[in-house]
Amino acid sequence: MTTDLDTAELCAPFVIQGRLFTLRNDSRVGTYDYFDSGALVVSDQGRILYVGPSVPAEYSHYRVKKTQHLIFPGFVDAHVHYPQLPVIASYGASLLEWLDKYTFPEEAKYSQRPYAERRARQFLELMLQRGVTSAAVFSTIHQEAFDALLGAASCSGFNLVSGVTAMNRGAPDDVLVDVGLFREINAKAIESGLCVERFRYAMTPRFALSCTEEMLQYCGQLLESNPRLLMQTHINETEDEVLATSNLFPHATDYLDVYDAFGLLTGRSLFAHGIYTTESEYERWAKSGASVIHCPTSNTFLGSGLFDASGYISRDINIGMGSDVGGGVSLNPFVTMSEAYKVAKLGGQVLDPLQLIYWHTLGGAKAINQGDFIGSLEPGKWADFCLIDITSDDLGFEVWERSCSVEEKLFGLMFLLPDSTNKVVETYASGISRWQDASCLESA
Ligand SMILES: [Zn+2]
């Protein structure tokens, strides 16, 4: 992985030419550009200058890199836990058991800075290997864990949203922090993120069950007082969790009301899961402008339930997509998108492949309030993209060639890529190659 961000300022502008796909950032989900031999022009500041079918004369003197791979926007993973990477694929538990048995013991280790640093670097490298260039990431209660992740992200050019996890009840002592200490750590963390260009701080109450009213109140007050802050949490993931929440907050009308009562339901809020959402919650959700983050591999792995996309789509609620590792079982966006298709199908819905790609790119970008900067390949945005090898696997390429429409080609890729030799071979973040598969080096 390239680790020297200082090279960003020294990077020469360039053109990359090849098959190119991107959605467009407008109100219609299915608007896209596809060119069999397109051109993407990248400035020396890592921004996109031009996307189109050929190189305009004004950029003809730029260095040109031709690629046989598909140029694709960097993915946005809008809900993932970096300290849960080591407990991925843990056997046989439902959400609340899984947290107690596997997750909390692992998270306790992140008070040790060297351990956290090693895991943060590993996590971001795996994300870049899969074409993910932005993510909203849960850390732990520990300052060491947050600092390690922020440091690793700024070194790798990764576009990060994160925050120290707020959590002061409902778990072992070594993963809890009292409100006083949390305020201190949180303030330091916000301060340390100010000098990192591709970073936004998110207030991160783990979920209502793990926070007292005092903790939720503090998170809400800070969110209201600072318009740069985002907020990420979980909601309506399992029936047991919904029931436990209503017992713990007897005055709330529903789960969303708990968050709303403390000022956490805003247009800068990301709620993961939202499986057991009620009619009244949908209505209130839509008015707030908050996003829902669909995490399909986690839904099916933990057996939590099936996300009902139509409930959100029909109310124009923005949907992003998350791997939710370690409840989810893969950081690979193609696995997540194909699982979302299957979850919808089991609920009687057929999702357009462009819709799935939208959720994992522009939908995620909008969820983290960065729709104007990332999520598609358009002039002015960051040059965050990956190169996908679509030719090395015979069957996969045959399906690509035989498919008549771009939608069918992408649909085939979604299902076949995870199980083929076709894969992401290089990832650029802010115009710089941050990861490259050594076995697939191409000449410039
Ligand atoms: Zn989660």
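The values are calculated or read from the model by the stated rules, or taken from the named source; none is laboratory data. If you're wondering where the values come from, they're calculated on a predicted model, not measured in any experiment. Note: ideal-geometry Cβ built from the backbone for every residue, glycine included; neighbour counts use all protein chains shown.
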For region 326-345, which residues satisfy the criterion of being modelled with pLDDT of 95 or more and not small (Gly, Ala, Ser)?
Leu331, Asn332, Pro333, Phe334, Val335, Thr336, Met337, Glu339, Tyr341, Lys342, Val343, Lys345
Hey, Gly263 hits all of (1) more than 16 Å from the ligand (Cβ to nearest atom); (2) surrounded by fewer than 24 Cβ atoms within 10 Å (Cβ to Cβ); (3) of a type outside the set (Asp, Glu); (4) assigned to a helix (DSSP H, G or I) but one; which does it fall short on?
(4)
Restricting attention to region 294-351, which residues are in a helix (DSSP H, G or I), under 18 Å from the mean Cα position of the chain (by Cα) and either surrounded by fewer than 19 Cβ atoms within 10 Å (Cβ to Cβ) or more than 16 Å from the ligand (Cβ to nearest atom) (or both)?
Ala309, Pro333, Phe334, Val335, Met337, Ser338, Tyr341
At least 2 residues that are over 30 Å from Val196 (Cα atoms) in each: list the helices (runs of 4 or more DSSP H) lying fully within region 1-111 that qualify.
95-98
So Phe271 passes all but one of these: (1) away from the ligand (no atom under 16 Å from the Cβ); (2) free of Cβ contacts under 8 Å to residues at least 40 places away in the same chain. Which condition number does it fail?
(1)
Report, by residue number, each residue of region 365-399 that is crowded, with 24+ Cβ neighbours inside 10 Å and over 25 Å from Gly52 (Cβ atoms).
Ala367, Ile368
Restricting attention to region 271-287, does a residue exist that is among the aromatic types (Phe, Trp, Tyr), surrounded by fewer than 24 Cβ atoms within 10 Å (Cβ to Cβ), touching a strand residue (DSSP E or B) at 6+ places or on another chain (Cβ under 7 Å) and in the same structural domain as Gly326 (by TED's automatic domain parsing)?
no
Run down Ala78, Ala120, Ala93 and say which single residue is away from the ligand (no atom under 16 Å from the Cβ) and either over 17 Å from Phe138 (Cα atoms) or in contact (Cβ under 8 Å) with a residue 12 or more places away in the chain (or both).
Ala120
Could you go through region 187-200 and let me know if any residue there is free of Cβ contacts under 8 Å to residues at least 40 places away in the same chain and crowded, with 18+ Cβ neighbours inside 10 Å.
no
Glu125 being within 25 Å of Ile390 (Cβ to Cβ) and either at pLDDT 95 or above or within 15 Å of the ligand (Cβ to nearest atom) (or both)
yes
Exception for Leu243 within (1) within 28 Å of Thr103 (Cα to Cα); (2) touching a residue at least 24 places away in the same chain (Cβ under 8 Å); (3) among the aliphatic types (A, V, I, L, M) falls at (2)
